[in-house]
Amino acid sequence: MVEAQKRTVVLTGASRGIGHATVKRFSSAGWRVITCSRMEFSEHCPWEAGPEDHIQVDLGDDESLQSSINEIRTRLGENGELNALVNNAGTSPKDADGNRLNAMATSREEWQRVFNVNFFAPIMLAKGLSQELQRAKGSVVNVTSIAGGRVHPFAGAAYSTSKAALAALTREMAHDFGPMGIRVNSIAPGEIDTSILSPGTSKIVESLPLQRIGEPEEVASMIYVLCTQPSSYVTGAEIHINGGQHI
């Protein structure tokens, strides 16, 4: 009986950084967490039912994405409810030397790949799981970026524009999903202490009002708030989590 009442979140990009911290935040609060990632489930991950609730998926591939949606719906069961969808997965290609790819240097294939993962996957997942979200009066959180609002020294052109598009999509989704009782918001992290940080980040951090780098757990906590009762009248918002970098 208790298991049937457990709240459920679907999270993409769960294998590291912000995604990893978010799984731990929701799991510690008693949620069932269905994780989606290109990577296989790691035996070092600490949450319960991890292997049973992990889906290996290539979000940049239409067939793989649709298959994952079907699998999620199967796991939720007939008349299943989904309390939250967190679109955290993202990709930001670099050149051979690890430098950002500007607009001129990004190939047509790279543009498409980045937008498939960063922009199209979030809306296709939300559409595909809309019935389950509606039953739960659930919440969608899209992870954008500080790079979506400015030219960033490390984030490439395709990544930045895809995140700007995702911020605009969040507003459109909030408008369209609202009548179904589904809230849609986004968070825009700045410099967060994850494995994808580039050399030179310390110079950016020095200029921030808070003068420190952010922790993945701080981002995960805000995602959790946007999926729970304290934010029950918040939709269409983009929350900046960057130590004041956007001001």
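What follows is calculated from the coordinates using simple rules that are stated; it is not laboratory data. All values derive from a computational prediction rather than experimental measurement. Note that each Cβ is placed from the backbone with ideal geometry, even for glycine, and that neighbours are counted across all protein chains shown.
What full-extension length gain, to one decimal in nm, is calculated for Q56 and D97 as 0.36 nm per residue of separation minus the Cα-Cα distance?
Numbers: separation 41, 0.36 × 41 = 14.76 nm, distance 2.89 nm.
Here the segment from Q56 to D97 would lengthen by 11.9 nm.
Amide H to amide H, which residues 5 or more places from I55 or on other chains are under 5 Å from it, using H placed in the peptide plane?
T35, C36, S37
Quick one: check the C-alpha center-to-center distance for region 206-247 versus region 103-179, whole angstrom.
17
What is the magnitude of the charge dipole of the chain about its Cα centre, with +1 placed on the Cβ of each Lys and Arg, -1 on the Cβ of each Asp and Glu, and no other charges, expressed in debye to the nearest 20?
600
Residue separation times 0.36 nm, minus the C-alpha to C-alpha distance between S232 and E206: what's the value?
5.8 nm
Taking every DSSP beta bridge that has both residues in the chain, what percent is antiparallel when rounded to the nearest 5?
5
Between N142 and residues 5 or more places away or on another chain, which pairs have amide H atoms under 5 Å apart, with H built 1.01 Å from N, and which residues are they?
N87, N185, S186, I187
Which whole-Hz ³J(HN,Hα) couplings does region 77-87 yield from phi under the Karplus relation 6.51 cos²θ - 1.76 cosθ + 1.60, θ = phi - 60°, glycine and proline marked x?
The phi angles translate into x, 4, 6, x, 10, 10, 7, 7, 10, 10, 8 Hz.
Give me the aspartates and glutamates in straight-line cross-link reach of K137: C-alpha distance below 13 Å, same-chain residues under 8 apart excluded.
E81
Work out from phi, with θ = phi - 60° and the Karplus expression 6.51 cos²θ - 1.76 cosθ + 1.60, the ³J(HN,Hα) of each residue of region 136-147, listed in order in whole Hz, and give x for Gly and Pro.
With the stated coefficients, region 136-147 comes to 8, 6, x, 10, 10, 10, 9, 9, 9, 5, 4, 5 Hz.
Show me, for region 179-194, the HN-Hα J-couplings you get by feeding each phi into the Karplus relation (A = 6.51, B = -1.76, C = 1.60, θ = phi - 60°), rounded to Hz, glycine and proline as x.
Taking θ as phi minus 60°, the curve returns x, 8, x, 9, 8, 9, 9, 9, 10, 10, x, x, 7, 10, 6, 10 Hz for region 179-194.
In region 32-144, what percentage of the DSSP-assigned beta bridges are antiparallel, given to the nearest 5? The partial results should precede the final answer.
On the way: 1 of 8 bridges.
Percent antiparallel among DSSP bridges in region 32-144 is about 10.
Under 21 Å from the Cα of K203, which lysines turn up, not counting those fewer than eight places away in the same chain?
Of all the lysines, those that pass the test against K203 - Cα under 21 Å, at least 8 places apart if same chain - are K94.
Kindly express, to the nearest 10 degrees and within the range 0 to 90, the angle between helix 62-76's C-alpha long axis and the longest C-alpha principal axis of the chain.
Long axis of 62-76 versus the principal axis of the chain: about 40 degrees.
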